[in-house]
Amino acid sequence: MTGLLIRLAGPLQSWGERSAFSAVRDTAPFPTRSGLTGILAAAEGLPRGAALDGYAELEFTVRIDRPGVLLTDYHTVGGGFPARLTAATSGGKNKGDAVVTRRHYLADAVFVVAVTGPDQRIKEIGTALQKPHWAPYLGRRSCVPDEPFLLRQAMADPIAELLTEIPLASPYTDERLGRPNPTTAQSVPVEFLWEQPPSDRRDAVYLTAHDHPVSFGEHEHAHTKRHIYRTVERLPAGLLDHGEHTVHERLIDYATHLTGSTELTETTA
């Protein structure tokens, strides 16, 4: 088993979990397994409706660098037009009026995800992420990811990298966990989400999410439940942004260290 590391950051993200085409389009407070699987499947060019068996053995571990701020967008479609030009219904007719939705986003959030699985699958997915068939997005097509996106691939222990090596987004603004001073603190608290219960961690919080994809078919979206375990880990304070280099510069250095490349990973088709 090996793994790769991707960083999900950008102005906006939206990881819908419960609402399909309702008046309120929600977002989960973290990347869903459905959204993460979609990023990988899109990179590999998997058609909608194709079997997702190639992703069943993957395990996702999420480090929440910055949880972001919930933003609601008041969204309208088809207002001010004659009935025949308003939005279409699934039955082929027109709605006759404006369609109003409230769409939820996470603003300024940052997540780093370790994807672990069989060696060959990780190699195939890593190759696809370097030159994706369809460009990745953060839950919705309008949510474009920042660089660097693919941090590293074919890692023997990506979890250890999350815990000790990958620079943390700064400033760390989760007030529930405090706001440490990187010049004096020895460690900083950071939330993690695990798909397998961490060993010897009785403080892990048990969660359930309805986001395990069964099908991405156009008319047959289907998901099942999965279990998640939330913990707070103490990470070295030196991972925070301080000193002469910004966190973005340090992330680029980290992403290009093994290859010696000075070019960022391509994330557009």
Take the chain, connect every pair of alpha-carbon atoms lying under 10 Å apart with a spring to form a Gaussian network, then pick out the residue of Pro136, Pro82, Pro145 with the largest mean-square fluctuation.
Pro82
Return the lysines within reach of Lys123: Cα separation strictly under 30 angstrom, same-chain partners fewer than 8 residues apart disregarded; answer none if there are no such residues.
Lys131, Lys225
Could you give each residue of the stretch 76-90 its phi-based ³J(HN,Hα) in whole Hz, using Karplus coefficients 6.51, -1.76, 1.60 with θ = phi - 60°, and x for Gly or Pro?
10, 9, x, x, x, 10, x, 3, 5, 10, 7, 4, 7, 9, 5
Local electrostatic count at Pro82 - Lys and Arg +1, Asp and Glu -1, tallied over other residues with Cβ under 15 Å:
+2
Under a point spin-label approximation (7 Å from Cα along Cα-to-Cβ), what is the Thr208-Val144 distance to one decimal in nm?
4.0
Using a Förster distance of 25 Å, the FRET efficiency for Lys131-Glu195 (Cβ separation, nearest 0.05):
0.35
Would you work out the relative contact order for the chain, in percent, from Cα pairs under 8 angstrom that are 6 or more residues apart?
27
Efficiency by 1/(1 + (r/R0)^6): what FRET value for Arg84 and Asp26, r their Cβ-Cβ distance, R0 = 30 Å, to the nearest 0.05?
0.40
Scan around Met155 for amide H atoms under 5 Å from its own, H built in the peptide plane at 1.01 Å from N, and keep only partners 5 or more places away or cross-chain.
Gly3, Leu4
Which one, Trp15, Ala50, Tyr74, projects farthest toward the positive side of the charge dipole computed for the chain from Cβ point charges (K/R +1, D/E -1)?
Tyr74
Out of these labelled values of percent of Cα pairs over 29 Å apart, (i) 45; (ii) 35; (iii) 30, which was calculated from the coordinates shown here?
(ii)
Dividing the helical contributions, -39500 (n - 2.57) per DSSP H run of n ≥ 4, by the residues of the chain yields a 222 nm value, nearest 500 deg cm²/dmol, of -4500 deg cm²/dmol
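Since every read-out is calculated from the coordinates, none of them should be taken as a lab result. These numbers come from a predicted model, not from an experiment. Cβ coordinates were reconstructed from backbone atoms using ideal geometry, including for glycine residues, and neighbour counts include every protein chain displayed.
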